[in-house]
């Protein structure tokens, strides 16, 4: 596989009936997470219940991207589908295990064949959409692994404050406050 292009990453995507592939090219990060989320949600509305995320061209991920994978996996399961990752490098696997993502997002052991008709999707979200994605992704990580509350609690509070100052959606109540 060729080296990822410099600058922001992108997704190369394809759909075939009820299945979809999203190939991550470059870093899986907070800029690319809203694009993956939108692609998956559009697919789900169109009956796409199975999604593989090809990580061969992804040297690393941030917590927002991993939380987005967790959220998509849960959403697809709730609709009778599934999400998996494939062609995972050692660093991405290490990160997923560290944050408890591995328990929610299975890895496909053998690579799939090369799909045709891939379309490139560049990150195109507004700052508000990106903040909302960051918030939801980190909430999913805290739900997935209790130890993540220590890692991300103050960060979550800061993002909630930032969204509130912009007139964004309020966060759900913290169960610790009861």
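Just so it is clear, none of the values below were taken in a lab; they were calculated from the coordinates. Treat the numbers as computed from the prediction; the structure is a model and nothing was measured.
Starting from a Cα-only point model with no solvent, please compute log10 I(q)/I(0) by Debye for the range 16-92 at q = 0.13, 0.15, 0.19, 0.20 1/Å.
-0.34, -0.45, -0.72, -0.80
For the range 10-168, evaluate the Debye formula with one uniform point scatterer on each Cα (no solvent term) and list log10 I(q)/I(0) at q = 0.12, 0.17, 0.20 Å⁻¹, rounded to two decimals.
These q points yield log10 I(q)/I(0) values of -0.48, -0.98, -1.34.
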